[in-house]
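A.B. asks: What follows is a structure written as structure tokens; I'll ask about it next.
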Amino acid sequence: MPLNPIFNKLLETDFDRMYSSLNIDQLREYYKKSWDDFKGDTIEVGSVSNCTVKTSIRDTPIRIYNPKAKGAHPVFIWIHGGGFSFGSIEVYDSICRSITNNVNCMVLSIDYGLSPEYKFPKPVEECYQVVKWVYENAKKLNIQPGKIAIGGDSAGGTITAVIAQLSRDRGEFPIAYQVEVNTMFDLLGETKPLSRVENAKGYRLTVEANNTFFVPNYLNDLSEAKNPLASPLLAVNFKDLPAACIITCEYDPLRDEGEDYARRLSEAGVDVCLKRYDGMIHGFFNMQRTVEEARDALALVCTKLTEAFQL
């Protein structure tokens, strides 16, 4: 279907030129402010607390959202988007609050180290260690250790998929469910996704920005893009992974690799909910205030998490 005209003004911005003309701090500030007119409202939850988890990478800031109901709850661990270089807990605060209330679960959001200061595989290992800490401190956190789900948007989805694979392979904690939204599963497009040709430019995230800014910032060397810990679609084994909700959108260069990942999971016997949102662009999920499809996608995530936690 045609591109939703709600994005027309936003897409007048020359994002590729911005990446080459602004420094990293300026880009991060722009990214943070760019969501102000789109992201959802701040709603009340039971409680919100900020703390840190000591990992081998650094003392990692996290934010914990508790539901209003008392008792031990399931937990959903959220990993924010931003191309590994941008983003924060604050950008996705309203998303986390909505999930807390609608699923009646704890939500824990990770403020992992950004690249280029923290390059691959540090963000993966940092987030993995936070999930492990949650599992090991389930009693103290008052959560149900058998009901830990993880999810993320864009680069956060990439890290989510890798952690799901590592959880299976290392056997240190179980993952009950995974959620990936508009995710980069194949960093440099080794699998030749057609959407990287069809949607190469003009839809906010561009292939040029991905290949010349985001991925080089994240990796120590571009050859690391072939490592499944960087590009989870390139993994050999997709069996015995947690059930998944994968969300893609029509005008996203990452669309086809997300749908390919869903197919690979399904072929391996994993239960997958895949939904493509037509007329949408990369990043639509956080446009809760202005885009109806974003609210529908969030409702879908909440429904699938609720179902998973009831098993």
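A.B. asks: Please rank Asp93, Asp256, fewest neighbouring Cβ atoms within 10 Å first, as an exposure proxy.
C.D. replies: By the 10 Å Cβ count, ascending, the order reads Asp93, Asp256.
A.B. asks: Let's test the formula: R0 of 41 Å, r as the Cβ-Cβ distance of Lys68 and Lys275. What FRET efficiency results, to the nearest 0.05?
C.D. replies: That pair, Lys68 with Lys275, gives E of 0.90.
A.B. asks: Which value in deg cm²/dmol, rounded to the nearest 500, describes the helix-derived mean residue ellipticity at 222 nm for the chain, given -39,500 (n - 2.57) per DSSP H run of n ≥ 4 and division by the residue count?
C.D. replies: My calculation for the chain gives -10000 deg cm²/dmol from helical runs alone.
A.B. asks: For segment 5-310, treating each Cα as an identical point scatterer without solvent, what Debye log10 I(q)/I(0) comes out at q = 0.14, 0.15, 0.16 1/Å?
C.D. replies: Computed log10 I(q)/I(0) values: -1.02, -1.20, -1.40.
A.B. asks: In nm, give the distance between the simple-model label positions of Asn211 and Lys139, each being 7 Å from the Cα along the Cα-to-Cβ direction.
C.D. replies: 5.4 nm
A.B. asks: Provide the FRET efficiency to the nearest 0.05 for the Thr290-Asp16 pair, computing r from the beta carbons and using R0 = 22 Å.
C.D. replies: 0.40
A.B. asks: How about segment 1-88: which chymotrypsin sites (Phe, Trp or Tyr not before Pro) there are in a DSSP loop, with at most 13 other Cβ atoms within 10 Å of their Cβ?
C.D. replies: When the chymotrypsin sites (Phe, Trp or Tyr not before Pro) of segment 1-88 are filtered for loop state and at most 13 Cβ neighbours within 10 Å, nothing remains.
A.B. asks: Please give the charge dipole size of the chain, origin at the Cα centre, charges +1 on K and R Cβ atoms and -1 on D and E Cβ atoms. Round to the nearest 20 debye.
C.D. replies: The calculated dipole for the chain is roughly 860 debye.
A.B. asks: Enter the angle in degrees (range 0 to 90, nearest 10) between the Cα long axis of helix 155-170 and the first principal axis of the Cα atoms of the chain, meaning the one along which they spread out most.
C.D. replies: Around 50 degrees separate the two axes.
A.B. asks: Let me ask something else. Not counting the cut sites, what is the longest span of the chain without GluC sites (Glu not before Pro) that DSSP labels loop and that have at most 13 other Cβ atoms within 10 Å?
C.D. replies: Result for the longest clean stretch: 191-311.
A.B. asks: Which distance in nm do the two modelled labels at Lys32 and Val197 give, with both placed 7 Å along the Cα-to-Cβ direction?
C.D. replies: Going by the 7 Å Cα→Cβ label model, 4.1 nm.
A.B. asks: Full-extension gain between Asn227 and Glu90, please, as 0.36 nm times their residue separation minus the C-alpha to C-alpha distance.
C.D. replies: Result: 46.3 nm gained on full extension.
A.B. asks: Right, another one. May I ask you to list the chymotrypsin sites (Phe, Trp or Tyr not before Pro) in segment 216-298 that are in a DSSP loop and have at most 15 other Cβ atoms within 10 Å of their Cβ?
C.D. replies: The qualifying sites: there are none.
A.B. asks: Which order do Met18, Met287, Met280 fall in if you start with the one that has the fewest other Cβ atoms within 10 Å?
C.D. replies: Ascending Cβ contact count within 10 Å gives the list Met18, Met287, Met280.
A.B. asks: What is the helix-to-structure angle for 292-310, meaning the angle in degrees between its Cα long axis and the longest Cα principal axis of the chain, kept from 0 to 90 and rounded to the nearest 10?
C.D. replies: Helix 292-310 sits at roughly 30 degrees to that axis.
A.B. asks: Rounded to whole Å and sorted largest first, what semi-axes of the equivalent ellipsoid does the C-alpha gyration tensor of segment 1-108 yield via the square root of 5 times each eigenvalue?
C.D. replies: Each semi-axis is the square root of five times an eigenvalue, giving 30, 20, 11 Å.
A.B. asks: Here is a follow-up. Among DSSP beta bridges lying fully in segment 5-310, give the percent that are antiparallel, nearest 5.
C.D. replies: 30 percent
A.B. asks: Putting +1 on Lys and Arg Cβ atoms and -1 on Asp and Glu Cβ atoms, find which of Thr191, Ser115, Thr306 reaches farthest to the positive end of the dipole of segment 5-310.
C.D. replies: So the residue we want is Thr306.
A.B. asks: By count of other Cβ within 10 Å, fewest leading, how are Val124, Val107 ordered?
C.D. replies: Val124, Val107
A.B. asks: Same structure, new question: Could you state the angle between the C-alpha long axis of helix 255-267 and the longest principal axis of the C-alpha atoms of the chain, as a value from 0 to 90 degrees rounded to the nearest 10?
C.D. replies: 40 degrees
A.B. asks: Please state the shape class of segment 188-311: rounded when a/c is under 1.5, otherwise prolate if a/b exceeds b/c and oblate if not, all from the C-alpha gyration tensor.
C.D. replies: Cα axes put segment 188-311 in the oblate bin.
A.B. asks: Run the Debye formula on the Cα coordinates of segment 139-186, all scatterers equal and no solvent, and tell me log10 I(q)/I(0) at q = 0.25, 0.33 1/Å.
C.D. replies: Log-scaled intensity ratios, in q order: -0.88, -1.11.
A.B. asks: Counting other Cβ atoms within 10 Å, keep those with at most 12, restrict to DSSP loop, and tell me which trypsin sites (Lys or Arg not before Pro) in segment 1-40 are left.
C.D. replies: Here the trypsin sites (Lys or Arg not before Pro) that fit, given the DSSP loop and packing criteria, are Lys9.
A.B. asks: Also, quick follow-up: With the cut-off at 26 Å, tell me which of the pairs Lys54/Lys147; Lys70/Lys147; Lys70/Lys140; Lys54/Lys119; Lys39/Lys68; Lys32/Lys132 have Cα atoms farther apart than that.
C.D. replies: Those over the limit are Lys32/Lys132.
A.B. asks: Report the calculated FRET efficiency for Arg263 and Ser49 (r = Cβ-Cβ distance, R0 = 45 Å), to the nearest 0.05.
C.D. replies: With a Förster radius of 45 Å, E is 0.70.
A.B. asks: Got the relative contact order for the chain handy, in percent, Cα pairs under 8 Å and 6 or more residues apart?
C.D. replies: 19 percent
Throughout, read-outs are computed from the coordinates displayed, never taken from laboratory work. Computed from a predicted model, the values in this text were never measured in an experiment. Ideal geometry is used to build each Cβ from the backbone, glycine not excepted, and the neighbour counts take in all protein chains shown.
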